[in-house]
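Visitor: Below you'll find the structure I mean.
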Amino acid sequence: KMAAAAGAAAAAGLWSEVNRCGQNGDFARALKSVNKILQINKDDVTALQCKVVCLIQNGNFKEALGVINTHTKVLTSDVIAFEKAYCEYRLNRIESALKTIQSASQQTDKLKELYGQVLYRLERYDDCLAAYRDLIRNSQDEYEEERKTNLSAVVAAQSTWEKVVPEDLGLREATYELCYNSACALIGQGKLNEAMKKLQKAEELCRQSLSEDSDVTEEDIEAELAIIHGQMAYIMQLQGRTEDALQLYNQIIKLKPTDVGLLAVIANNIITINKDQNVFDSKKKVKLTNAEGVEHKLSKKQLQAIEFNKALLAMYTNQADQCRKLSASLQSQSPEHLLPVLIQAAQLCREKQHAKAVGLLQDFADQHPANAAEIKLTMAQLKIAQGSVTKACMILRSIEELQHKPGMVSALVTMYSHEEDIDSAIEVFTQAIQWYQQYQASQTRGANPKSPVHLSLIREAANFKLKHGRKKEAISDLEELWKQNPKDVHTLAQLISAYSLVDPEKAKVLSKHLPSSDTMSLKVDVDALENSHGATYVRKKAGKLTGDSQQKEQGQGEVKKKKKKKKGKLPKNYDPKVTPDPERWLPMRERSYYRGRKKGKKKDQVGKGTQGSTTTGSSELDASRTASSPPTSPRPGSGAAVSATSNVIPPRHQKPAGAPATKKKQQQKKKKGAKGGW
């Protein structure tokens, strides 16, 4: 009895220690005291519960879950449901956490809070939204602001990933978290400018709230703002401001934020900006997407996008096996997704295996008819790249849901025209017009009014037929257009033009419907138009000029005479009686009377010219340098020579007095300053 009393006294002291440490937040010391209590009584339910709580507070979730699973008889689901579910949630065993919560007999407020978090991680946003609405409606405590923030995060996720138009929650955006979530919802709707303003407001609120704490440094503020700046950079990227986005992304990476999810998203976005350029930078950035814990921080669609970009990067860096491996893995995870098979086809095209790529796409189109349209468009593009335009047209015409679209009709007509297959082009027009006719009849119960698209197709068909000389076929289309709008003069003119070559009498009858020239004339005041500001020509008014005006006109005429172009200067020794040399513009070597240099000057040529050059003139060895050959293009700066066919010296080349002496002086100067050797 004394031992039992001593044990009870010791236990009481230990419990006091546990209580005091718990209030002080010293859970490590509290855990030691709890372990001592359990040595006294190993099945003490309260002690076991306290041990689990201490382990959770110290971050030892795996050990805490081990204690719960070891003592299942004592720690039943009713007693420890929340702690068990929380440990599973923190260990990223989300499905197990959901089962634990749902199996609890009593749904406490704590379990409901955790239930909302679990549903968000499982991306069951509708159920999560309902759970948080219920919590906000039935709770009144200091955590109301946090619940509203979580509610806005769910709405933002719906807008971003499920493209659901978010409802107005009526939340007052007093915190930067609420502003940030609101901006994310706006991005999901494509309202980028409004989202940017919200993010700027969130940044301002964040700075204000953090600057109030004296212990928070500027680096801490920048670290907290990193996620806001990352979203700003994403908006810039969507707006096409890639340089600004890239600069902001790199600034965030330099801060080295602890959020691996944020780093992975930023690295992925930089890779998408780089595309097939700067692949070495992309290979560095892709390492950030492989960090531990990234898969638990991002949504499924984000992780999938990162994997797609890894496969594309492998293709751009010529890692064919890696590209095939990644795309095959993606296809096994999402068999109905288009991107994996498109990446595989692109890789085959890079390897010049176009036929195999087309076969791969065809197999996918057969297995997934819902996605066949986009696949067939890619197949047609590959056929065009191979030069098989007709086969590409056949593939495009097999896409039934796009056959009647104006864009498809235009593409097919252009391609058939390129192949000079006018009949097939007209057939495309006819089928599209018939489709719209049947569709309009079914929608209007036989009233058959023409829609703007239908009328536009008829007009384009008529113009195409007229352009290619199919006037008879164009007449029916033009008549249909004129019937729809009898006041359309342009269509009537086209119809008359077509009939004039087929049925002139009919053309005459139709020409009576044209408006008269009086009704078509424009009431324009010609004088007012000519005198208006900006008129380039103003007609002079008729009538006699007064004396002053005549003198003014004459004066103007005299001024104009003075502006005449001056005559070119003639040489000083110009003789008008002598006919100029017709070959004066040619270089001396190319003139018919050139006979080469005098033999006495060969000594002066020693050591001159390029190495290996000969003294024989190239013109003597060139058969084209004959008197009968036409002169080549003139070369300025050539010397003068005397014509062999005439004793008359051309005026341009007559030497003025004293010229030989000047030339000698120039030669002496050159010799004096020259240096030998090469």
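Each reported figure results from applying straightforward, stated rules to the coordinates on display, with no laboratory input. Model, not experiment: these values are computed from the prediction. So basically every Cβ, Gly included, is an ideal-geometry build from the backbone, and we count neighbours across all protein chains shown.
Visitor: So, with +1 on the Cβ of K and R and -1 on the Cβ of D and E, and no other charges, what is the size of the charge dipole of the range 330-402 about its Cα centre, to the nearest 20 debye? Let's see the in-between values first.
Guide: Working: 7 positive and 7 negative charges, 83 e Å.
My answer is approximately 400 debye.
Visitor: Return the loop-located GluC sites (Glu not before Pro) in the range 251-325 (DSSP other than H, G, I, E, B) with at most 10 other Cβ atoms within 10 Å of their own Cβ; answer none if there are none.
Guide: GLU292
Visitor: If you take the beta carbon distance between ASP141 and LYS32 as r and set R0 to 30 Å, what does 1/(1 + (r/R0)^6) give as a FRET efficiency, to the nearest 0.05?
Guide: Details: r = 32 Å, r/R0 = 1.08.
E(calc), rounded to 0.05, equals 0.40.
Visitor: Let me ask you something else. Quickly rank 400-407, 185-192, 316-323 as a protection proxy: mean count of other C-beta atoms within 10 Å, highest first.
Guide: Per-residue mean Cβ counts within 10 Å order the peptides as 185-192, 316-323, 400-407.
Visitor: With label points built 7 Å along Cα→Cβ from the Cα atoms of ARG20 and ARG595, find their separation and express it in nm.
Guide: 13.3
Visitor: Points 7 angstrom from Cα along the Cβ direction at ASP423 and LEU303: gap in nanometres?
Guide: 5.8
Visitor: Starting from the Cα of GLU530, step 7 Å along the direction of its Cβ; do the same at HIS513; then give the gap between the two resulting points in nm.
Guide: So the two model labels end up 4.1 nm from each other.
Visitor: Determine the shape class of the range 330-402: with a ≥ b ≥ c the square roots of the Cα gyration tensor eigenvalues, call it rounded for a/c under 1.5, and otherwise prolate if a/b is greater than b/c, oblate otherwise.
Guide: Judged from the Cα gyration tensor, the range 330-402 comes out oblate (a/c at least 1.5, b/c at or above a/b).
Visitor: What is the list of residues in the range 125-142 whose amide nitrogen lies under 18 Å from a point 7 angstrom out from the Cα of ARG172, following Cα to Cβ?
Guide: The answer is 136-137, 140-142.
Visitor: Report the net charge of residues surrounding LYS310, where surrounding means a beta-carbon distance below 12 angstrom and charges are Lys +1, Arg +1, Asp -1, Glu -1.
Guide: With Lys, Arg at +1 and Asp, Glu at -1, the net is +3.
Visitor: Something else: Under 13 Å from a point 7 Å along the Cα-to-Cβ line of VAL453: which residues of the range 401-434 have their amide N that close?
Guide: Counting backbone N atoms under 13 Å from the label point, the list is 401-410, 432-434.
Visitor: State the Kirkwood hydrodynamic radius of the range 404-513 in Å, one decimal place, computed from all pairs of distinct Cα atoms. Intermediate values should be presented prior to the final figure.
Guide: Working: mean 1/r = 0.0683 Å⁻¹.
Computed over Cα pairs of the range 404-513, the Kirkwood hydrodynamic radius comes out at 14.6 Å.
Visitor: If you only keep lysine pairs separated by 8 or more in sequence, or across chains, how many in the range 404-513 come under 19 Å at the Cα atoms?
Guide: Lysine pairs meeting the criterion: 16.
Visitor: Next question, about the same structure. Gain in length, GLU292 to GLN353, computed as 0.36 nm per residue apart minus the alpha-carbon separation, to one decimal in nm?
Guide: Full-extension gain reported as 18.2 nm.
Visitor: On to the next question. At a Förster radius of 41 Å, what calculated FRET efficiency corresponds to the Cβ-Cβ distance of GLN102 and THR390, to the nearest 0.05?
Guide: 0.10
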